[in-house]
Amino acid sequence: MKVATIDQCPVGMLKGVTADGVPVVLANVEGKICALEDVCSHEDLPLSDGELEGNEVVCLYHGARFDACSGARKTLPAVRPVRSYPVEVRDGEIFVDTA
Ligand code: FES
């Protein structure tokens, strides 16, 4: 479903949205839009409160890092990955499939 326009998620930024009731964090990694579940696997807090550094999402709360596109865990204190979702960009609009 459509969650945002490309203008709302500039390069190097994160944006929290909702797709079919699922909290999703969009990341613009050098022009490529990626989507992860907006829930840190450490303590279930929103990843969209954090920052994008290169291709990694850095959790604001305790500094865990995840690959912004695959959701792979990069650093402690998180020990599990976060879920990633397929993204499509059409005519400047961002669609995320959380099914
Ligand atoms: S809630 Fe994200 S690192 Fe603790």
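Bear in mind these aren't lab numbers, they're just calculated from the coordinates by the rules spelled out. Note that the structure is a prediction, hence the values are computed from the model and not measured. FYI the Cβ positions are ideal-geometry reconstructions off the backbone, even for glycines, and counts take in every protein chain you see.
Some notes on this structure:
- Candidates Asp38, Asp49, Asp20: whichever shows maximal mean-square fluctuation once the chain is modelled as a Gaussian network with Cα springs under 10 Å: Asp20
- Each residue of region 37-46 was assigned a 3J(HN,Hα) from its phi angle through the Karplus expression (A = 6.51, B = -1.76, C = 1.60, θ = phi - 60°), giving 4, 8, 9, 5, 6, 7, 9, 6, 9, x Hz with x at Gly and Pro.
- Reachable lysines from Lys2, criterion Cα separation under 24 angstrom, eight or more residues apart if same chain: Lys15, Lys32
- Neighbourhood net charge (9 Å Cβ-Cβ; Lys/Arg +1, Asp/Glu -1) for Leu47: -3
- Globularity index of region 5-75 is 0.97 (Cα radius of gyration / 2.2 N^0.38 Å, N = number of residues).
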